[in-house]
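Trainee: Let me begin by handing over the structure; questions about it come next.
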Amino acid sequence: MIEDDFYRSSSQFRLWSFTEPSLKSQRATTNAVASDRVRAALHRAQEARRSANSSAAGTPAPGGDADNKPVEEKPIDCLTPEEEQQVLNYYCEQIIQLGDAYKPPLPTIVRATAIQYLRRFYLTNSPMTYHPKQIMPCVVFLATKTDNYYLSLRQFAEGVPSTTAEEIIAPEYIVMQSLRFTFDVRHPFRGLEGGIMELRAIAEGQGQPAPHTRTQTPEDLKRGLMGIAPSPSPSPTPTLNDRISRAHHDTREILKYAAQTTDAYFLYTPSQIWLAALRLADRPLAEYYLDTKLGGPGTQQQQKENPFYALRTKLLATLANCAAMLESYQPLSSNQDQMKTLRRIIGKKLYHCQNPEKANLSGQKRIPAAAAAATTTTATAGGGESGTSESEMERLAKKRKLESDQKRKQSANDLFGGELVMQRTKEKQAE
Amino acid sequence: MPPARDVIAHRGDDDEVCPVCKSSRYLNPDMRFLINPECYHKMCESCVDRIFSSGPANCPVAGCHKTLRKNRFRKQTFEDINVEREVDIRRRVMHILNRREEEFDSKRAYDDFLEQREEIIANLVHGTDVAKTESDLQKYASENMRSIRANQAIEAQEASSFREQQTQEQELARLRREAVRQEYENERREIMAGREDVLSRLAAGRPADAAAIAREGQKVLLKKSSARRSEEERIRQKQAALRNSDVKKSGPGAVSSSDKADDLGGSSLIKGLKKIKTPEPEKPYDPFMGYVPEKRDYYTLRDYYPNTYLDPVRQDTRMQAGGYDLQEYYSRTLMEAFAGLGCFIDEEISQRDIANASDISGPVATKGAAMAAVSSAGTPDASS
């Protein structure tokens, strides 16, 4: 399908799509790395404090050691990946609320983009390293920019309680780097509008059959739509148009909340998400709509003739999974128990296992060279894995440069440069 | 079959006799003998006119029943009729088996081909296996019509260019000779003039000056000749340079690419021919790399969709004035509605992950590569 190839070329598919196990292992790795570093950093901080104390006292006495021993033995209680997820979900809801604080409220799409930025950011970073409280305003501000909803920083800072403009943009470079500079988020909202638009056209007898099911006439489509099972919702709607409008509204609500605070964006494509949401809102309608595209269930014979039969079965299973995921969502605020545990996690646990070296972001903000210098100094101080990864980064950069040089040289050898078409097809294959 | 040897040996003698009409050169001094490559029987011109004017007829020589045609009669080139015949056969065979060296895989294959050709010629000349050889030859000729023609064309071209070059060289040589002659002439004239001048001065001057005048005259002559010589040298160098450049220019032009369009492996007669690679026809350039711009698989775009929210936009001139087109909106929303509907991330991404993993661990299974894999999988936490 051509449309699918369009999606395959997006950065969301290439960089930000995961299978469930890979998503989980990614989070586990992030958590493990961050925990190690937090422990090391806290340890270093204690050492520093102790040495400062002892030098202040001027007595490297055994008593000092005795003082510190119980502190060292106390294990640092880091967040588990699950707790991190809860924290993250909490801040996703905070973003939605933050959007309401402005007049006019931030558009849904800006909030959704911000939430996805936050989720992508915490895929490779841990709340223990960067506190979500600092990151959240930054991603929202970034989203207003990438979604072309202009707010000045001052104006924006007024909506965020108890921070300054400086603090908001302090982690911006780190955020962008963690987003791998891919700011494009494919949302299901516009797709939903398109689907509803087409459903309405069908309802008014102006539907156009899909390219592969040419035999259907607009009247057939309309009759089919009239004939679908009534909506399972408790209050039946009088007309078809009302039914579509209601489905539209319900789907939108699902997309606004459930789709944002679950991992749907990582695991499914936007069109699968909106169809799954529509399936939740009005299942017969969604299934009928899908049948107009891919052919109905039909008899055995028809199934054999239908070229999309395999695709259809697979898609229905995927939609069911996605719908289950969306359905499982419960707003945190509705669940008092959860809120209580969350407060404990964020209030106490996260406070204790916060990486002290990353606390002050405005100090190392924006200028990447400065940030790199800062990390190298910490690396040389602490040694260990951060140092190697730093040199690794340099090595990678050098390798990239070498490769591009080589490529340029190769094309320079050719009198008229390399072959255009061949190169492109090769790249495509490589993808 | 061939006429008696002694007759030919005395060719041109007065007592030469036409074997058909028995008239001798003695009676008819203008008598010319003609032969036909069909049977190589010699007869005089008047006999040919007499017998074959009214169409093809049998050879009048007793025992030879070949049918001859008048237009095939020609003058004998070689004294020995056997040589004549061999040259004819050779010409014919070479005409058909005209493969060129560059068409063969190796020098060895070409040499084999040459040997084979000689063998065929020898067979035809000496009459061994004539029927089979002839049929082979005919078969080959009909199968490889095109390449034979192409090679003939190339040969003709080469011959004509060779001739051209030849005449050019002759012309140049002539010019050089002319120039040398001219030069010699000039020199001689000058010497004469100088001598005369000295003589006249000697005649006019006093006897005491005689020796001085003679010496001076000698010196002038020497100077002139040396000046001339250096001038000539200069011109000669220039000409040489010109010639060199001429040769260079004609050098690469002589190499012409031969057209080997047909007969891949078709010629069972000749072995070791290069496989002819016909270059693949270049595909037309496709800027969309297989995409058809307006083609969609999930939906058909309409010109209009009923929508209470969008309908006012159609009428709103303020929106239309800026170039806003609802059509764009329709196509974008519908595209986003279906873009990726058939992408099953759990399958495609896991396949991609596997591919990536094998890519990285395959060629460079170093620690650095593993680190690169980790950082490319996106752990800035570990690297920043």
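Read the figures in this text as sums done on the coordinates, not as results from a lab. As the structure is a computational prediction, the values presented were derived from the model and not from experiment. Here the Cβ positions follow ideal geometry from the backbone for every residue, glycine too, while neighbour counts run over all protein chains shown.
Trainee: On average, how many beta carbons from a partner chain sit within 10 Å of the beta carbon of a residue in A:269-275?
Mentor: 5
Trainee: Hey, what's the Kirkwood Rh for region A:109-243 if you take every pair of different alpha carbons, in angstrom?
Mentor: Result for region A:109-243, one decimal place: 18.5 Å.
Trainee: Also, I was wondering about something else. Which whole-angstrom value gives the distance between the alpha carbon centres of region A:155-187 and region B:40-83?
Mentor: Result: 108 Å between the Cα centres.
Trainee: Looking at this model, which pairs from B:LYS22/B:LYS66; A:LYS133/A:LYS340; A:LYS103/A:LYS358 are more than 29 angstrom apart at the alpha-carbon?
Mentor: In this structure, A:LYS103/A:LYS358 exceed 29 Å between Cα atoms.
Trainee: Over all alpha-carbon pairs of region B:149-247, lay out the pair-distance distribution in 5 Å bins, whole %, shortest bin first.
Mentor: Result returned by the calculation: 2, 10, 13, 13, 11, 9, 9, 7, 7, 5, 4, 3, 2, 2, 1, 1, 0, 0.
Trainee: Another question about this same structure. Work out the mean other chain Cβ neighbour count within 10 Å for the residues of B:291-297 and drop it here as an integer.
Mentor: Mean shielding by partner chains, rounded to a whole number: 3.
Trainee: Using Cβ counts within 10 Å as a stand-in for footprinting exposure, how do B:MET335, B:MET192 rank, fewest first?
Mentor: Fewest-to-most Cβ neighbours within 10 Å comes out as B:MET192, B:MET335.
Trainee: What list do you get for A:TYR309, A:TYR122 if you sort them by fewest beta carbons within 10 Å?
Mentor: Result, fewest neighbours first: A:TYR309, A:TYR122.
Trainee: Note down the net charge around A:VAL139, summing +1 for each Lys or Arg and -1 for each Asp or Glu among other residues with Cβ under 13 Å from its Cβ.
Mentor: Net of charged neighbours comes to +3.
Trainee: What are the aspartates and glutamates whose alpha-carbon lies under 16 Å from the alpha-carbon of B:LYS238, with same-chain residues fewer than 8 places away excluded?
Mentor: Leaving aside aspartates and glutamates fewer than 8 places away in the same chain, those within reach of B:LYS238 are B:ASP246.
Trainee: How big is the charge dipole of region A:94-229 about its Cα centre, in debye rounded to the nearest 20, if each Lys and Arg gets +1 on its Cβ and each Asp and Glu gets -1 on its Cβ?
Mentor: 200 debye
Trainee: Along each principal axis of its Cα atoms, how long is region A:81-179 end to end? Whole angstroms, biggest number first, please.
Mentor: Between the extreme Cα coordinates on each principal axis of region A:81-179 lie 36, 24, 23 Å.
Trainee: Quick check on my link table: of A:LYS256/A:LYS314; A:LYS314/A:LYS349; A:LYS24/A:LYS256, which ones sit more than 31 Å apart, alpha carbon to alpha carbon?
Mentor: Violating the 31 Å limit, Cα to Cα: A:LYS314/A:LYS349.
Trainee: Continuing with the same structure: Mind listing the Cα extents of region B:291-345 along all three principal axes, in Å, largest one first?
Mentor: 42, 24, 19
Trainee: Applying the Karplus parametrisation 6.51 cos²θ - 1.76 cosθ + 1.60 with θ = phi - 60° to the phi angles of region B:109-123, what ³J(HN,Hα) value in whole Hz is obtained for each residue in order, glycine and proline being reported as x?
Mentor: Each residue's phi maps through the Karplus curve to give 4, 5, 4, 4, 4, 4, 5, 4, 5, 4, 5, 4, 4, 4, 4 Hz.
Trainee: Using a cut-off of 10 Å between beta-carbons, work out the net charge of the residues near A:LEU267 (Lys and Arg +1, Asp and Glu -1, A:LEU267 not included).
Mentor: Neighbourhood net charge equals -3.
Trainee: If Lys and Arg each add +1 and Asp and Glu each add -1, what is the summed charge of the other residues whose beta carbon sits under 9 Å from the beta carbon of A:CYS353?
Mentor: Around A:CYS353, the surrounding residues sum to +1.
Trainee: Rank these for me by crowding, B:GLU79, B:GLU336, going from fewest to most other beta carbons within 10 Å.
Mentor: If I rank by nearby Cβ atoms, fewest first, I get B:GLU79, B:GLU336.
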